[in-house]
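What follows is one structure encoded as structure tokens, with my remarks underneath.
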Amino acid sequence: MNTIGKFKAFGELITNVFRNPVTVRETFGFVAKNFRWMPRRDADKCTGCGACNERCSSGATNITDIGTERTISIDGLRCIFCGRCADVCPEHALELTIEPDTEEEKKFRSELLKTTGDVGDTCVRSLRGSDEDSEVSFKYTEQINVSYGSEEKNPAIDTTLKLQRCTVCGEVMPVTEKHLNVIMERVLKNLKPETAAIVKKDMELYLTTCISCRRMHSLEWNTHPRKFT
Amino acid sequence: MIDAAWLNPVIAFSIGILLSFKLRKISARVQSRRGPLIWLPDRWHDINRSKVLQPLYDIIKLFSKQTIIPSTATPFFIAGPILALMCAVLATLFVPVAGISFDYSFSLVVLFYLLMGEILFIIMGGISSASLFSAIGGVREIDLMLANEIPFILGTFALAITFDTLSIQQMMGFNILINPFAALAVLLSIIVKLHIKPFDIPEADTEIVNGLTTEYGGKLLGVLETARIIMVFVLIALFVDLFLWIPSSGALAWVIFLAGVIATGVLIGFMNSLFARFRIDQATRWLFKIPLLVSVLAIGWAVLWRYVL
Amino acid sequence: MSKPHLNLIIREIKADTLGEEVSDLLEKGARMIYTSGVDMGVRGIQVNYYFCFDHHEPSQHTILRTYLDRKNPVIHSVTPVTSQADWSERELIEFLGITVEGHPNPTHLWLPLDWKEIYTGEKPVAHPDTERINTAPPVKPLKDNIVTLPLTTIPYGPYHPAFIESNYLKMSVEDEVVRKADLKLGFNHRGIIKLMERRDYYKDLFLAERVCGICNTHHSLSFAMSVEDLAAVEVPQKAQMARTLLCEMERIQSHLLSIGLIGDLTGFRTMLMHAIRIREEMQDCLEVVSGQRVTHGLIALGGIRRDITENQTDFILSKLKIMKKSVPQFFDQCQSNDVLMGRLKDVGILKRENALKSGAIGPVARGSGLRIDVRKNSPFAAYEDVDWDIVTENGCDCLARIKVKMRETLMSMHICEQCCDKIKIAPSSLAAKVNELPCGETISRSEAPRGELLYHVVSNGTNTPAFVRIRVPTFINARIMLELIHGCWLADVPAIISSVDPCYSCTDRVTIFKGKEQSIVDMRSLGGRR
């Protein structure tokens, strides 16, 4: 490289003094729209089927049956944010985005978008170089800290669902009531109304019975599983 | 009446803190970072609570910490930093701050001894910790000093020849016009003495973990840091006094002095952020080549003006 | 798009004829890439020697296989024949207890220095009340077998500013010139290849990603490629393009980081900061495409997990446009710094013959003028469909290695642009379905930023692999790094280390998981000296 080029390169370095610094505070930089964050479970949608527990590669999801209740929880410290649970969830109850969940936060987010603008549909906020004066961003950081506080609050979100009791012998089955209801709805939805009325009774009986009772009574009830396939 | 020069150490410490703040700020800005802030807004409290100048805050922090002395260390481990600080404080008395200092007809020679003594006491303290990294750092420091003292002494003596005196007060002036070679030689050796970037070989953090100060921590490191900050001021002020001083008095003297100090500080700050580190053999070779040549030229120039023309 | 089929020959031989066979293959021009051992139960200990010919002929591989007696596993060392087997055989000694006869330097590399006392002598007993293992220092001083020269010994590590990850480099120094050096690894050992045998293939994919943080896509991609090869699945074109794009984006960020680190370790911190500033653009792109900055998790078995939309490719193209300006400017700034260039020039010279003999890979080999690059030699993903060429330099020193990285960054940006354009017009199918995995075995190789990566996956027909063996680039290059350190200045050691850019996290592949305070590991025993 010639001498002029060398001096030019040095000059470029020195002129950085007169430009704005590029460093920004944490949580002020760019965040993509599909950024994966802590999995949040929609407690209304979750049926406690256990698909996420089976596929989780780090053992972060936990399913515990105590008494007549099933608790589904996510250990935030074990989670590796791979998003496999959200991929396999049949109810689409899991989400790994950094989207705010309360109304207040949503309103706040829309304000944020107005002040900063978004790039394409891919990034949600880009506050580069404007952190000095934006009170808005500070509020946002505080809110994130409150909703995902790591010290006081356990980041895991628990969902508790009732387990089904066997209608014949009264024992607790390892299935939640909600899961069975959802299965039934889904099967009946595809049938004609007149068929559905017939099938519904048999199916209710079949699903709400534990395995041993099913084995004993399936012939007399005529509810062999082959009937439904 | 008490001489105003007794205030010199306090002034040296406060301006030294400003200068080392400036060094850090400039290298941060060249690197597109923010760097330390003079004052922090209230809402930044959760990141950083230092509302004072960061170098001062560092020293306060170090003095509030526990000092750990390695079991292998000799008593010189404690004596080294304290003696170094004493040398640095004494040196400030002989460097004119806006024209105020103690002055004798031999003050330049006293200053030489004090500046060299400061480095030697730091080496003594570091080596007595029996750490391998300190030992290597000490060897490097001595290598560098041997190569570096010659241009420094020759450069200042060139002025002594011109003015026919060894008193600093009497040779002060805008001498960069009278002897530019001497100015260059002294500036280069000041850079080496302060361990500015191409020459931070004795304290290379990625090679030998901060060299001589590896084993220091807590209050002793605070003492060393204070000595370093005073040295930054002493050397830069010496350069300003010898080469950039315009004779004046009162407030105008302060303005001229501070302007000179800040200009030199900014120059050194840019040096610090624009270069990689020399290897020790490259550094000594370079020092024996260019600054030595420049300082010999300075002596020749001075002799030419004094005796021939 | 026709991928040249992987040509893998597995030959079973007697243990006695091993030396002849190996030298035979080496004479034919093969590179020995790895040696692995597997305990196969009643069949004995299986030892595999992996050779590849792909720098002469595309996709040619040979595995020499021999079985050893389980009671008394003895094998003749091939290290005197080729130094490429050095570390692999030391691994066999430590992890499988095989006696390797005639190995020139059979010392510890991974295990703690006093592992014999720990594992074969008295077992440590937990205290009955606290259930903790006694952590008092042993009465006997630990035997230090690393360096025994009567010179000043400088330790680098386990924690040292020159290393980002912990390892232990010990050097005997005579007047700042290194006379002897040795390396001790094993501080990050996580047992990943053993964990993989217990999890199903889908979970292994995420585990493979966590072998290394900085080249994670290449790890999961290599694993996915070997599983796809076993299942005989054709990956859709869009997925291939997306994989290529992701690999190249990862290469850009890895190379920029490593170039910056060279600056930091030679005292030029400004260079590091600017490298990080430019790299941040690429990290934003990776976040937009994959959803995470570090572990991307975009690779699935048979394809990719998420679609790459047109908006995303536009975002990448706009960022690449910015980088096209800033990256060459940054490289100019580096190369115009005479002090930095003086530190790197003629330092750590690896001659072309030596590089070939010691089996150098990645930028280390290409800096010595060897045309070794898996992307060209045995192409994977969509590298055949894009326009690019291998970057080589003939300087053989640290500077040449950095220049290779700089030019490769520019080349990768060129590839990324082509991929972005091609993804837009590719058919939209994302992943082929992997239904059944028959018994069988295969290897897959990919070009990680630091060199070639080898995965050997054996399936036994169940949902978990029978065993997985991983050879990472640093495994070869770190040994070469040690050879380069011999006889150089102490001040040049960080420069050499960063120009080779070792990644010990890859090489170790293990973590001690402190569960519920029951498995307490004596950390002191891991660190060599107390």
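The values are calculated or read from the model by the stated rules, or taken from the named source; none is laboratory data. Only a predicted model underlies this, so the values are computations on that prediction, with no experimental measurement involved. Don't worry about glycine lacking a Cβ; one is built from the backbone with ideal geometry, like all the others, and counts go over all protein chains shown.
With the condition kept exactly as written, say whether any residue in segment B:286-307 is without any contact (Cβ under 8 Å) to a residue 12 or more places away in the chain, among the polar types (S, T, N, Q) and either surrounded by 23 or more Cβ atoms within 10 Å (Cβ to Cβ) or closer than 23 Å to B:ALA185 by Cβ (or both). No, segment B:286-307 has no match at all.
For B:SER273, the conditions (1) within 20 Å of the chain's Cα centre (by Cα); (2) within 14 Å of another protein chain (Cβ to nearest Cβ); (3) surrounded by fewer than 17 Cβ atoms within 10 Å (Cβ to Cβ) are fulfilled apart from (3). The number of residues in segment B:276-303 being part of a helix (DSSP H, G or I) and within 14 Å of another protein chain (Cβ to nearest Cβ) comes to 10. Scanning segment C:259-302 for residues that are more than 23 Å from the chain's Cα centre (by Cα) and under 21 Å from C:LYS238 (Cα atoms) gives C:CYS285, C:GLU287, C:VAL288, C:VAL289, C:GLY291, C:GLY302.
The condition (being within 23 Å of B:VAL303 (Cα to Cα) and of a type in the set (Asp, Glu)) is satisfied by just one residue among B:GLU207, B:GLU149, B:GLU203, B:GLU141: B:GLU149.
B:ARG306 meets the conditions (1) closer than 24 Å to C:VAL177 by Cβ; (2) out of contact with any Gly (no Cβ under 8 Å at 6 or more places or on another chain) in every case but one. The failed one is (1).
For C:LEU245, are the conditions met, namely being within 14 Å of chain A (Cβ to nearest Cβ) and at pLDDT 80 or above? So C:LEU245 does not fit the description; no. Listed by position, the helices (runs of 4 or more DSSP H) inside segment C:252-369 whose residues that are touching a residue at least 40 places away in the same chain (Cβ under 8 Å) and within 10 Å of another protein chain (Cβ to nearest Cβ) number at least 3 are C:269-290, C:310-335, C:338-344.
I'd like to check something: does segment B:200-207 contain any residue that is more than 30 Å from C:LEU169 (Cβ to Cβ) and either surrounded by fewer than 20 Cβ atoms within 10 Å (Cβ to Cβ) or away from chain C (no Cβ under 13 Å) (or both)? Among the residues of segment B:200-207, not one is more than 30 Å from C:LEU169 (Cβ to Cβ) and either surrounded by fewer than 20 Cβ atoms within 10 Å (Cβ to Cβ) or away from chain C (no Cβ under 13 Å) (or both), which makes the answer no. Can you name every residue in segment C:192-220 that is at the interface with another protein chain (Cβ under 10 Å from one of its Cβ atoms), of a type in the set (A, V, I, L, M, F, W, C) and without any contact (Cβ under 8 Å) to a residue 24 or more places away in the chain? Scanning segment C:192-220 gives a single hit, C:LEU207. Filtering segment A:12-50 to residues that are more than 10 Å from every other protein chain (Cβ to nearest Cβ), surrounded by fewer than 18 Cβ atoms within 10 Å (Cβ to Cβ) and modelled with pLDDT of 75 or more leaves A:ASP42, A:ALA43, A:ASP44, A:LYS45, A:GLY50. Listed conditions (1) at pLDDT below 80; (2) of a type outside the set (D, E, K, R); (3) outside any loop (DSSP other than H, G, I, E, B); (4) within 22 Å of C:LYS357 (Cβ to Cβ) are all met by C:HIS55, apart from (3).
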